[in-house]
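Asks: Here you go, one structure.
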Amino acid sequence: MSDSVATAEETVDAVSAGEAPASEAPVSEAPASEAPAAAESAQAPAAAQAAERALVVEKASFDDVEEAMRDVVDPELGINVVDLGLVYGINIADDNTVTLDMTLTSAACPLTDVIEDQTRSALVDGPDNLVNDVRINWVWMPPWGPDKITDDGREQLRALGFNV
């Protein structure tokens, strides 16, 4: 036993004498004041490894990013932003951060936050964790027009009753 832990006999004697008993807690390697820090430092490597795993993603390909963006749907039309022709450019940096040049069917569109949230879900937070981060550069030139819609997008719009 360690010298810093009182025996039961010493504790009884101290209590009988009106003194505070010596600590009855088990002795740890670290002083009590360092115990929370020791617990935190034990958790730190696990947290660091999880963060590292989350950021160590193989660099995404243009095709993978474009395909994932097909899950991002214009909330007003119900057609994905790729087939609507809203994605003007995809740039993938060495750190696997994607910058998208995108436009909207109208500069007054009130639902940009919905498209931004869907984009983050599709590329960063999704099950594939495709990229480390995404940035959207909203552009207005050239202006969007129906000529930007892909053949697949036209078929989808026709199925919804639009004449394109």
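Asks: Based on the alpha-carbon gyration tensor of the stretch 62-159 and its eigenvalue square roots a ≥ b ≥ c, which shape applies: rounded if a/c is under 1.5, prolate if not and a/b is larger than b/c, or oblate?
Replies: Prolate.
Asks: Assign unit charges at the C-beta atoms only (+1 for Lys and Arg, -1 for Asp and Glu), then state the dipole size of the stretch 62-159 relative to its Cα centre in Debye, rounded to the nearest 20.
Replies: 400 debye
Asks: For every other residue with a beta carbon closer than 14 angstrom to the beta carbon of residue 83, add +1 if it is Lys or Arg and -1 if Asp or Glu, then tell me the sum.
Replies: Charge balance near residue 83 sits at -4.
Asks: Give me the net charge for the shell around residue 124: Cβ to Cβ below 12 angstrom, other residues only, Lys and Arg +1, Asp and Glu -1.
Replies: Around residue 124, the charge tally is -3.
Asks: Run the numbers for residue 133 and residue 63: contour at 0.36 nm per residue of separation, minus the present Cα-Cα distance, in nm.
Replies: 23.5 nm
Asks: What order, most packed first, do the peptides 59-67, 112-120 have when packing is the mean number of other Cβ atoms within 10 Å of each residue?
Replies: Put in order of decreasing packing, that is 112-120, 59-67.
Asks: Quick one: which residues, 5+ away or cross-chain, put their amide H under 5 Å from the amide H of residue 90? H built at 1.01 Å from N.
Replies: For residue 90, whose amide H was placed from the backbone, the distant partners under 5 Å are 101.
Asks: Residue by residue, what Karplus-based ³J(HN,Hα) values in Hz, rounded to whole numbers, does the stretch 154-164 have, using 6.51, -1.76 and 1.60 with θ = phi - 60° and x for Gly and Pro?
Replies: 5, 4, 5, 5, 4, 4, 8, x, 7, 9, 10
Asks: Which order results if 90, 149 are arranged by neighbouring Cβ count within 10 Å, fewest first?
Replies: Lowest to highest Cβ neighbour count: 90, 149.
Asks: While we're looking at this one, here's another question. Among residues other than residue 142 whose Cβ falls under 15 Å from its Cβ, what is the net charge (Lys/Arg +1, Asp/Glu -1)?
Replies: -1
Asks: Moving to a separate point now. What does DSSP give for the stretch 62-159 in terms of the percent of beta bridges that are antiparallel, rounded to the nearest 5?
Replies: 50 percent
Asks: If we count other beta carbons within 10 Å of each Cβ, what is the order of 138, 144, fewest first?
Replies: Ranked by crowding around the Cβ, least crowded first: 138, 144.
Asks: If we count other beta carbons within 10 Å of each Cβ, what is the order of 154, 135, fewest first?
Replies: With the fewest neighbours first, 154, 135 line up as 135, 154.
Just so you know, all these numbers are worked out from the coordinates, no wet-lab data involved. Note that the structure is predicted; figures quoted are calculated from it, not measured. Note that we place each Cβ from the backbone using ideal geometry, even for glycine, and neighbour counts take in every protein chain shown.
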